[in-house]
Amino acid sequence: MELKPDIAALLRDADGPEPYTLALIGQLRPITEMLTGSCPGWSAEDIGTIGWIAMELVSNAIAAAMGSALGDATGLPGKDLLEVLGTSAIWPGPENLHRPAGSLEAHDAFRLTVGMEPEEWLRLPLEERFQSIGIRAETCWVTASCKVNPEPGEIDLMVSSLTPPLEGDLDEIRGRLTDPDSHRARISGIRELHRDAEGMVHMPSFTGGGGMGLILCGETARGLGLTLDLAPSIGDDMQVTLRLHGTVRHQEPAEGGRK
């Protein structure tokens with residue numbers, strides 16, 4: 001199975017992280033429905049967990065295009081861009097949680113590229129933020145594909161993006177997948193500075209979250225007996241793919257049926 005999320009609808013209709021997440025889960029429901037129909041030995045909880053991981057990976061891939069476009073246009077690395085913004089580029093927090101920093105040169109590069117101050121840009125609706133830096137949501141740069149072999153319980157779920165994150169962000173992804181403990185300790189120390197009164201973290205990010213999403217995906221995958229990693233690039237293809245694969249640990253014997 002292969003599907004492309006309707007990114008244009010997500011950006012146009014999103015009025016907050018929760019509605020956005022629920023809409024994206026709805027768009028990816030064909031994957032969980034396919035798993036339910038093809039793998040009767042898998043529990044509903046495990047299938048729902050795989051669906052959550054897919055949602056998180058797709059959401060990150062959609063949002064990472066923002067960092068890629070800004071980095072290409074300004075020549076700045078992701079770290080400098082996020083210092084200029086001082087909050088999440090996707091779900092900016094309240095004004096008192098904005099902590100812009102960075103050099104004057106970085107601020108000038110952002111303002112000249114985007115045509116407005118960072119604070120003004122962050123107040124734009126989500127769809128307009130993407131459009132302002134030349135990203136057309138109709139191009140649908142993200143693809144999610146899923147294959148299963150029900151008898152041994154194997155799954156191969158891949159989320160690919162044709163607008164990959166900046167190299168520094170790729171290093172962050174690799175680190176969070178291969179050494180989650182050290183990244184968790186570092187991120188935990190920063191999160192509280194960007195937590196709003198509702199408990200949501202608006203840490204500077206091009207993936208919308210507070211920095212823990214990919215770490216939680218990796219931990220959750222291991223709990224299912226699966227591996228989450230970066231798939232090797234193929235030739236000169238600029239596509240970046242995160243891959244969830246392996247044999248699901250929690251299965252009933254084929255002859256037992258569901259409990």
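The values are calculated or read from the model by the stated rules, or taken from the named source; none is laboratory data. Just so we're clear, the structure is a prediction, and the values are computed from it rather than from any experiment. Cβ sites come from the backbone with ideal geometry, for glycine too, and all protein chains shown count toward neighbours.
Descriptive notes on the structure:
- Residue pairs whose Cβ atoms lie under 7 Å apart, sitting 6 or more positions apart in sequence or on different chains, and linking a residue in the range 6-31 that is touching a residue at least 40 places away in the same chain (Cβ under 8 Å) and surrounded by fewer than 17 Cβ atoms within 10 Å (Cβ to Cβ) to a partner that is assigned to a helix (DSSP H, G or I) and acidic (Asp, Glu), are ALA8/GLU138; ARG12/GLU127.
- Qualifying residue in the range 56-67 (condition: under 24 Å from LEU170 (Cα atoms) and acidic (Asp, Glu)): yes
- All told, LEU35 falls short of being within 17 Å of the chain's Cα centre (by Cα), part of a helix (DSSP H, G or I) and not hydroxyl-bearing (Ser, Thr, Tyr).
- Residue that is assigned to a loop (DSSP other than H, G, I, E, B), on the phi < 0 side of the Ramachandran plot and either within 20 Å of the chain's Cα centre (by Cα) or not aromatic (Phe, Trp, Tyr) (or both), where the choices are GLU198, GLU192: GLU198
- Of MET158, MET203, all but one fail to be touching a strand residue (DSSP E or B) at 6+ places or on another chain (Cβ under 7 Å) and over 23 Å from THR227 (Cβ atoms); the exception is MET203.
- Unmet requirement for PRO40, which otherwise passes all of (1) in a helix (DSSP H, G or I); (2) more than 17 Å from LEU126 (Cα to Cα): (1)
- Screening CYS140 against (1) more than 20 Å from PRO92 (Cβ to Cβ); (2) surrounded by 18 or more Cβ atoms within 10 Å (Cβ to Cβ); (3) in contact with a helix residue (DSSP H, G or I) (Cβ under 7 Å, 6 or more places away or on another chain) leaves a single unmet condition, (2).
- Of the listed requirements (1) in contact with a Gly (Cβ under 8 Å, 6 or more places away or on another chain); (2) under 18 Å from TRP91 (Cβ atoms); (3) not in a helix (DSSP H, G or I), ASP15 misses just one: (1).
- Residues satisfying the stated conditions in the range 144-163, i.e. modelled with pLDDT of 95 or more and surrounded by 18 or more Cβ atoms within 10 Å (Cβ to Cβ): ALA144, CYS146, VAL148, ILE155, LEU157, MET158, VAL159
- Residues in the range 48-60 include at least one that is surrounded by fewer than 19 Cβ atoms within 10 Å (Cβ to Cβ), modelled with pLDDT of 95 or more and over 14 Å from the mean Cα position of the chain (by Cα).
- Selected residue (criterion: modelled with the lowest pLDDT) from residues of the range 225-259 that are among the aliphatic types (A, V, I, L, M) and within 20 Å of the chain's Cα centre (by Cα): MET238
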